[in-house]
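Below is one structure, written out as structure tokens; comments come after it.
The values are calculated or read from the model by the stated rules, or taken from the named source; none is laboratory data. The structure presented is a predicted model; accordingly, all values stated were derived computationally and were not measured. We place every Cβ from the backbone using ideal geometry, glycine too, and count neighbours over all the protein chains shown. Ligands, DNA and RNA are excluded from the accessible area calculation, which covers all protein heavy atoms including side chains. Shrake-Rupley method; radii C 1.70, N 1.55, O 1.52, S 1.80 Å.
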Amino acid sequence: MRDTAKHQGLRNQLTSILEQKGIVDKNVLDAIKKIPRHLFLDSSFEDYAYQDMAFPIGAGQTISQPYTVAFQSQLLEVKKEDKILEIGTGSGYQTAVLCTMGAKVYSVERQKELFKKTSNLFPKLHIRPKHLSFGDGYKGLPNYAPFDSIIVTAGAPFIPQPLMAQLKIGGRLVIPLGEDVQIMTLLIRKNETQFEKHEFGEFRFVPLLEDKN
């Protein structure tokens, strides 16, 4: 688990690139500066870890490009101690960013292989999500609801109803919506029944699949 001055230099460069691309949330940038992204990738990709690109991580999944992680994190407007539900733990990199920003993260992953991998990795990196769960992300985590915000890290054809129900009033739900190309979508819960919707252009994600246990 080596993290060197060279890695830190590459992270500083990556952070500058993200700033140039419009990421302004200092807490997001600080988290990306701190987290050893190369340790979330297979060692064969280590040299590419700090390029602004997505990479395969096994189980047919990818680790999102840093810009996407930063963009979604910025949309959440994370405050310390925020209770955040993450659908799709994946490599755990997004989880680590949110934890480093001071959030209490509850994360769900439906791929056993990835669930085991992140469960082993987090303690080694001193990253402490509140709860890691193996299961169907479409259902959310009703036992731990409501959440200050919810982040979905895979493309979804529609917004799963249970996720909307598990969001606090005033809470933010960030989800990439669409079949082939996804539109980054932010829902803000205004009251029991009303949500305000904002759209932020196209992104590409692996699909969020239902009931894959």
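Residues being more than 22 Å from PHE115 (Cβ to Cβ) and either in contact with a strand residue (DSSP E or B) (Cβ under 6 Å, 6 or more places away or on another chain) or surrounded by 16 or more Cβ atoms within 10 Å (Cβ to Cβ) (or both): count how many of those fall in region 53-76.
Of the residues in region 53-76, 8 are more than 22 Å from PHE115 (Cβ to Cβ) and either in contact with a strand residue (DSSP E or B) (Cβ under 6 Å, 6 or more places away or on another chain) or surrounded by 16 or more Cβ atoms within 10 Å (Cβ to Cβ) (or both).
Restricting attention to helices (runs of 4 or more DSSP H) lying wholly within region 1-94, give those where 3 or more residues are closer than 20 Å to PRO129 by Cα and under 12 Å from the mean Cα position of the chain (by Cα).
The helices (runs of 4 or more DSSP H) meeting that bar are 66-76.
Just wondering, is there one or more residues in region 106-123 that are out of contact with any strand residue (DSSP E or B) (no Cβ under 7 Å at 6 or more places or on another chain), open to solvent by 30 Å² or more (accessible area, probe 1.4 Å) and closer than 17 Å to SER149 by Cβ?
no
Kindly indicate whether any position in region 116-130 is free of Cβ contacts under 8 Å to residues at least 24 places away in the same chain, not polar (S, T, N, Q) and not in a loop (DSSP other than H, G, I, E, B).
Yes, region 116-130 has at least one match.
Any residue that is surrounded by fewer than 16 Cβ atoms within 10 Å (Cβ to Cβ), out of contact with any Gly (no Cβ under 7 Å at 6 or more places or on another chain) and at pLDDT 95 or above - is there at least one of those in region 83-100? Even if it seems obvious, please write down each step before you answer.
In the first step, residues of region 83-100 are kept if they are surrounded by fewer than 16 Cβ atoms within 10 Å (Cβ to Cβ); the result is none.
No, because not a single residue in region 83-100 is surrounded by fewer than 16 Cβ atoms within 10 Å (Cβ to Cβ), out of contact with any Gly (no Cβ under 7 Å at 6 or more places or on another chain) and at pLDDT 95 or above.
Say we look at region 2-44 and pick out the residues that are farther than 19 Å from LEU125 by Cα and among the hydrophobic types (A, V, I, L, M, F, W, C); which of these is most open to solvent (accessible area, probe 1.4 Å)?
VAL24
Can you confirm whether region 148-165 contains a residue that is open to solvent by 20 Å² or more (accessible area, probe 1.4 Å) and within 21 Å of ALA96 (Cα to Cα)?
yes
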